[in-house]
Amino acid sequence: MKKELRLTVNGQPYELYIKPKTLLVEVLRNELGLTGTKRGCNESACGACTVVLNGMAVRSCSILALQANGGEVVTIEGLANGTVLHPLQKAFLDYGAFQCGFCTAGMLMSAKALLDENPEPTKEQIKEGIDGNLCRCTGYNSIIRAISAVAKGEYKEAK
Amino acid sequence: MIRDFEYFVPKTLKEALTLLDRYRDECKVIAGGQSLLTLMKQRLVTPKYLIDIKRLSGMDYIRYDAKEGLRIGALTPHRAIEKSPLIQDKFTVLAEMEHRVASIQTRNWGTIGGDLCHADPAGDPAPVLIVLNAVLKLASLKGERTLSVEEFSLDYFETALEPDELLTEIQVPLVPPRTGTAYTKFNVIEGDMAIVGTAVSVTLGEGDTICSDVRIALGAAAPTPIRAKQAEGVLRGRKITDALLEKAGQAASAEAEPISDIHASEEYRRELIKVLVKRVGKQALARAKRA
């Protein structure tokens, strides 16, 4: 039996009817067509599915959508401001912080959650902030440099 | 993928307990779901009814009383405990332990109560709560009862919770004076479950050199988190030296029942226990001296 789900995603309110077993990542990708969020491992290990729910980074593959009822979700599609990229996105481009791009959406959302909580993290804190996101391509250093650059204020005018 | 279930979102504890009383073994309780959903996706757990208590009010709190000690609501997320200034100050080892649990994303949504009820012997909270002498409050329609964390785990993923009961609160008594507590777990990638976890609490007595009490708990070393009582016996009432810690480590290693799996052999785990009991014991001792 389907249940009502009310969710604000990237500032837009939605009303959906879904089976209770539907995961948040499934609502985002299948119901709302927001396929930026990826389902990497499906078992809560890789972080590719990371979105920001009620201000917190969460694994959307490991949350029943109905648990987010009435909540606010920010996905990768909501990071840019229209056509103006978020400082993190600009930094990721400048510092080559992605290759295949599969981990990138989740990585950016974790980075955003980190900087929202701690705008000037140390390198160690950056590493801790993204340790729930696996990347098979970059070796993480370019990612850390990109986040570090934003933290140091290199993209201040962009904000 | 997940099998269909009937879904309830009780608004009060009483509603939740009523549902549990009605559906008992046919239902499962979901809090953060960070452990349960993985099992449900693999169809290892296929409840007919799912009772979602994540938003039950009044069960997400951290309270401290100078006489009673610490009270943590069962639905308190790991992240809240990790970041709590009160816990960082007065029960530092709990914040340190929570920092090692899974990942930030998991800690944001998963709860300490959910972790304890999931009863994975590799879980981080249980060994620490055991050495802290913590007690759990369990509620049902019939009333409330308390049980030590040590008695709570019965077997792999099995607890003493009756089918009609919910864990509501974790009670941690005041730490005795001159006591130091430490925890670590060994894993290969940060965020992984413990290959072995070790918590030690040392209380100094006479002249601050004799160990008047010691508690050692091991995670991922048996079907449940266990007290290493033989190891404790080696240290209790004596002055703790490196050599004595070495003996305690050996005793703990012998009394544990670790398994061999994809992460490590039984042999390796036994070796780890020797090393970690010594290492964490030393840390706890140093903290006791500073306490």
Among the residues of the stretch B:20-35, which ones are basic (Lys, Arg) and either closer than 12 Å to residue B:162 by Cα or not in a helix (DSSP H, G or I) (or both)? B:24, B:28
For residues that are facing chain A (nearest Cβ under 9 Å) and of a type in the set (Asp, Glu), scanning just the stretch B:2-49, find the one that is nearest to residue A:24 (Cα to Cα). B:4
Selection from the stretch A:1-39 of residues that are within 13 Å of the chain's Cα centre (by Cα) and of a type in the set (Gly, Ala, Ser): A:36
Count - residues of the stretch B:101-124 that are over 25 Å from residue A:110 (Cα atoms) and within 14 Å of chain A (Cβ to nearest Cβ): 2
Cβ-Cβ below 9 Å, separation at least six or inter-chain, first residue in the stretch B:244-265 and buried (at least 16 other Cβ atoms within 10 Å of the Cβ), second of a type in the set (Ser, Thr, Tyr): which pairs? B:252/B:198; B:258/B:265; B:258/B:268
Number of the exception - residue B:189 against (1) within 14 Å of chain A (Cβ to nearest Cβ); (2) in contact with a helix residue (DSSP H, G or I) (Cβ under 8 Å, 6 or more places away or on another chain): (2)
Looking for something in contact (Cβ under 8 Å) with a residue 60 or more places away in the chain, touching a helix residue (DSSP H, G or I) at 6+ places or on another chain (Cβ under 8 Å) and of a type in the set (Val, Ile, Thr) - is there at least one such residue anywhere in the stretch B:59-69? no
Has the stretch B:147-165 got any residue that is among the polar types (S, T, N, Q) and either free of Cβ contacts under 8 Å to residues at least 40 places away in the same chain or surrounded by 24 or more Cβ atoms within 10 Å (Cβ to Cβ) (or both)? yes
Going by the structure shown, is residue B:203 under 13 Å from residue B:129 (Cβ atoms) and touching a Ser or Thr at 6+ places or on another chain (Cβ under 8 Å)? no
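Name every residue in the stretch A:136-159 that is within 25 Å of residue A:29 (Cβ to Cβ) and part of a loop (DSSP other than H, G, I, E, B), in order of residue number.
Narrowing the stretch A:136-159 to residues within 25 Å of residue A:29 (Cβ to Cβ): A:136-138, A:143.
Residues satisfying the conditions are A:136, A:137, A:138.
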Condition first: buried (at least 17 other Cβ atoms within 10 Å of the Cβ) and within 13 Å of chain B (Cβ to nearest Cβ). Can you find one or more residues in the stretch A:3-16 that meet it? yes
Answer from B:37, B:44 - the residue that is outside the structural domain of residue B:151 (by TED's automatic domain parsing), in contact with a Ser or Thr (Cβ under 7 Å, 6 or more places away or on another chain) and not aromatic (Phe, Trp, Tyr): B:37
Taking the stretch A:69-86, which residues are in contact (Cβ under 8 Å) with a residue 60 or more places away in the chain and closer than 30 Å to residue B:7 by Cβ? A:69, A:70, A:71, A:72, A:73, A:74, A:75, A:77, A:78
Helices (runs of 4 or more DSSP H) wholly inside the stretch A:69-135 that include at least 1 residues being among the β-branched types (Val, Ile, Thr) and more than 22 Å from residue A:10 (Cα to Cα): A:123-129
Quick one: which helices (runs of 4 or more DSSP H) sit completely within the stretch B:142-257 and have at least 1 residues that are over 26 Å from residue B:91 (Cα atoms) and of a type in the set (Gly, Ala, Ser)? B:242-255
So residue B:126, is it in contact with a Gly (Cβ under 8 Å, 6 or more places away or on another chain) and modelled with pLDDT of 95 or more: yes
Could you identify the single residue in A:91, A:57, A:97, A:105 that is surrounded by 15 or more Cβ atoms within 10 Å (Cβ to Cβ), within 12 Å of chain B (Cβ to nearest Cβ) and among the aliphatic types (A, V, I, L, M)? A:57
In the stretch B:50-69, residue farthest from the other protein chains (Cβ to nearest Cβ) [restricted to those that are surrounded by 13 or more Cβ atoms within 10 Å (Cβ to Cβ) and part of a loop (DSSP other than H, G, I, E, B)]: B:61
Does residue B:199 satisfy the condition of being of a type in the set (A, V, I, L, M, F, W, C) and touching an Asp or Glu at 6+ places or on another chain (Cβ under 8 Å)? no
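The values are calculated or read from the model by the stated rules, or taken from the named source; none is laboratory data. Note that this is a predicted model, so its numbers are computed, not measured. Neighbour counts run over all protein chains shown; Cβ positions are idealised from the backbone, glycine included.
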